[in-house]
Amino acid sequence: MAAWRAMERVMPTYVYGPRLKDGEKRTCQSCSGTFEMMQRMSDEAMTHCPQCSGEIERIITPPMLNGAGKYKTPSADRLSKAGFTEYRRKGKGYYEKSFGKGPTSIHGDGEA
Ligand SMILES: [Zn+2]
């Protein structure tokens, strides 16, 4: 159980529900109603119930994934507009801002 809790922090929970055809009813314990499934963000959305293979669909997509391509990182412009700041390491303990708000450079200590 402890391991399960640790996983919760890094894996988002997705909500799935049955994709029912007209008049169809599920008796399956997993997909007769909505259920939650923890998956890595890179995992494909499930389309079939692992128990009964009935069709299911993902109901909620975490908002943080919206607009960002699956394997692409958002563009600098997009990140900047969203209020992010990026620093690139230029040397030992020295970081220079590539975009965003904040000081144009950071001198870290402890590493110099
Ligand atoms: Zn099922």
- Item | Sorted by Cβ density within 10 Å, fewest first, the residues F99, F35 | F99, F35
- Message: 5 Å is the cut-off here: which amide hydrogens, built 1.01 Å from N in the peptide plane, fall below it relative to Y14, excluding neighbours closer than 5 in sequence?
- Response: M37, M38, Q39
- Item | Order of E55, E24 under a 10 Å beta carbon neighbour criterion, fewest first | E24, E55
- Item | Additional length obtainable on full extension of the chain from E36 to E55, 0.36 nm per residue less Cα span | 5.3 nm
- The extension gain from K25 to F84, computed as 0.36 nm times the residue separation minus the Cα-Cα distance, is 16.6 nm
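No lab work stands behind these numbers, since they all come straight from the coordinates. What you are looking at is a predicted structure, and each value in this text was computed from that prediction instead of being measured. With ideal geometry, Cβ positions are generated from the backbone for all residues, glycine too; neighbour counts draw on all protein chains shown.
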